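The structure under discussion appears below in the form of structure tokens.
The values are calculated or read from the model by the stated rules, or taken from the named source; none is laboratory data. Computed from a predicted model, the values in this text were never measured in an experiment. Reconstructed Cβ throughout: ideal geometry from the backbone, glycine too, with neighbour counts over all protein chains shown. To get the accessible areas, we keep the full protein, side chains included, count just its heavy atoms, and leave off ligands, DNA and RNA. Shrake-Rupley method; radii C 1.70, N 1.55, O 1.52, S 1.80 Å.
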Amino acid sequence: MCMNYKRNLLRSTEKEGFESKDSKIKAVSSFEGPLWLANENVYIDPKDKSEVEFPSIKDKDSLYLSLIVPAYNEQDRLPTMLDETLRYLKQKSKKDLKFSYEIIIVDDGSKDKTSEIVSTYIQRESVDKIRLLKLKKNRGKGGAIKRGMLCARGKYCLMVDADGATDINDFDRVEDTMKQIEKKGQAIVCGSRSHLIDSDVVAKRSALRNILMYGFHLFVETLCVKGIKDTQCGFKLFSRDTVKVVFSNLHIERWAFDVELLFIAQQLNIPISEVAVNWTEIDGSKLDPFSSSIQMAKDILRIRLRYLFRIWTLKK
């Protein structure tokens with residue numbers, strides 16, 4: 001790495017905000033580093049293999065729904081999820097001619113064939129329907145979703161896990177709730193698995209995993225987010241204006257990012273609601289319950305203390 005690049009990188013992380021050369025988004029730098037690396041926020045046009053810069057969340061929406069899918073080494077689970085999701089979206093667009101969509105898959109530095117698989121879907125469906133945002137290094141789930149959200153074209157933006165654990169058909173109920181609670185263009189609707197607490201899904205888990213789950217919820221409720229039963233479900237719908245506010249303020253880029261998102265929203269009085277969703281545990285999770293719980297606990301303390309002492313402040 002040349003010395004000039006090192007100096008430039010240091011300057012970008014020291015500034016409170018920066019304008020990426022390759023992006024229209026002016027964003028706050030986090031302790032994770034700059035928002036974009038050089039020539040990172042681009043997608044490939046399959047027609048001529050040219051690099052095209054992603055649009056900005058600050059632009060006017062041009063679609064109804066953007067689905068943001070973080071993916072790290074998901075070559076095995078992603079195809080099933082994409083097939084089911086595309087089937088649902090196509091059926092919905094046939095019933096409602098005003099419904100339009102895009103899927104942004106954010107490859108978070110995968111070492112397998114995730115990007116190659118996504119490219120085959122782009123060839124089949126078109127780059128207007130599916131776009132690949134390939135990050136040059138692993139940022140973590142929160143970092144991947146943040147960058148995908150900031151490139152979205154939708155009036156509404158849906159966060160979806162690559163394993164397809166949440167039934168995509170539940171979007172209808174999440175969408176209905178969004179329309180009920182949205183005020184002045186602001187709202188978040190969280191898919192919730194809290195109704196599964198007494199089900200076989202939880203009963204079949206190890207005692208350690210269930211203890212960590214209950215302890216985590218108590219920790220979050222006490223320190224950061226009040227009244228939300230399931231902060232961690234990977235199925236959340238945001239209005240476009242809410243994306244602009246919460247993701248531009250987001251600092252945590254690993255597993256506890258959901259907690260900070262909801263903390264920010266509550267601090268800014270953004271309406272939040274939960275909707276029960278159908279959820280199935282899918283094999284192949286990369287989350288180690290014990291080590292990730294330790295990291296998440298540290299991040300939750302960081303959220304609480306840094307906002308409390310105004311090391312981090314909210315920009316509306």
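For the condition open to solvent by 30 Å² or more (accessible area, probe 1.4 Å), modelled with pLDDT under 90 and of a type in the set (Phe, Trp, Tyr), what is the one hit in Phe309, Phe290?
Working: Phe309 fails: modelled with pLDDT under 90.
Result of the check over Phe309, Phe290: Phe290.
Here the condition is being under 12 Å from Ile188 (Cα atoms), in a helix (DSSP H, G or I) and at pLDDT 95 or above; of Leu262, Leu237, it holds for Leu262 alone. For segment 144-168, the set of residues classified as of a type outside the set (Asp, Glu), more than 13 Å from the chain's Cα centre (by Cα) and within 17 Å of Leu82 (Cβ to Cβ) consists of Gly164, Ala165, Thr166, Ile168, listed by residue number.
Does Gln75 meet the test of being in a loop (DSSP other than H, G, I, E, B) and within 17 Å of Gly164 (Cβ to Cβ)?
yes
Within segment 109-127, the set of residues being of a type in the set (Val, Ile, Thr) and either open to solvent by less than 20 Å² (accessible area, probe 1.4 Å) or on the phi > 0 side of the Ramachandran plot (or both) comprises Thr114, Val118, Ile122. Pairing residues of segment 38-63 that are touching a residue at least 12 places away in the same chain (Cβ under 8 Å) and more than 22 Å from Arg124 (Cα to Cα) with residues that are of a type in the set (Phe, Trp, Tyr) and open to solvent by less than 80 Å² (accessible area, probe 1.4 Å), at Cβ distances under 9 Å and at least 6 apart in sequence or on separate chains, gives Asn41/Phe54; Ile57/Phe247; Asp61/Tyr156.
Checked against (1) open to solvent by 10 Å² or more (accessible area, probe 1.4 Å); (2) of a type in the set (A, V, I, L, M, F, W, C); (3) part of a helix (DSSP H, G or I); (4) within 19 Å of Glu221 (Cβ to Cβ), Trp255 passes all but a single condition, namely (3). Among residues of segment 128-141 being over 12 Å from Ile105 (Cβ atoms) and over 15 Å from the mean Cα position of the chain (by Cα), the one that is surrounded by the fewest Cβ atoms within 10 Å (Cβ to Cβ) is Lys137.
The rows are residues; the columns are (1) at pLDDT 95 or above; (2) open to solvent by less than 10 Å² (accessible area, probe 1.4 Å).
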| residue | (1), (2) |
| --- | --- |
| Gly164 | no, no |
| Arg173 | yes, no |
| Ala187 | yes, yes |
| His195 | no, no |
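Checking each residue in segment 30-70 for being among the β-branched types (Val, Ile, Thr), buried (at least 18 other Cβ atoms within 10 Å of the Cβ) and over 22 Å from Val246 (Cβ atoms) picks out only Val42.
Every test in (1) of a type outside the set (Ser, Thr, Tyr); (2) closer than 26 Å to His195 by Cβ; (3) assigned to a loop (DSSP other than H, G, I, E, B) is passed by Lys315 save one, and that test is (2). The residues of segment 184-196 that are among the basic types (Lys, Arg) and over 22 Å from the mean Cα position of the chain (by Cα) amount to a single one, Lys184. If you go through segment 44-72 and pick out every residue that is touching an Asp or Glu at 6+ places or on another chain (Cβ under 6 Å) and not in a strand (DSSP E or B), you end up with 1.
Do you know which residues across segment 82-111 are aromatic (Phe, Trp, Tyr) and either over 22 Å from Met149 (Cα atoms) or not in a strand (DSSP E or B) (or both)?
Narrowing segment 82-111 to residues aromatic (Phe, Trp, Tyr): 88, 99, 101.
Residues satisfying the conditions are Tyr88, Phe99.
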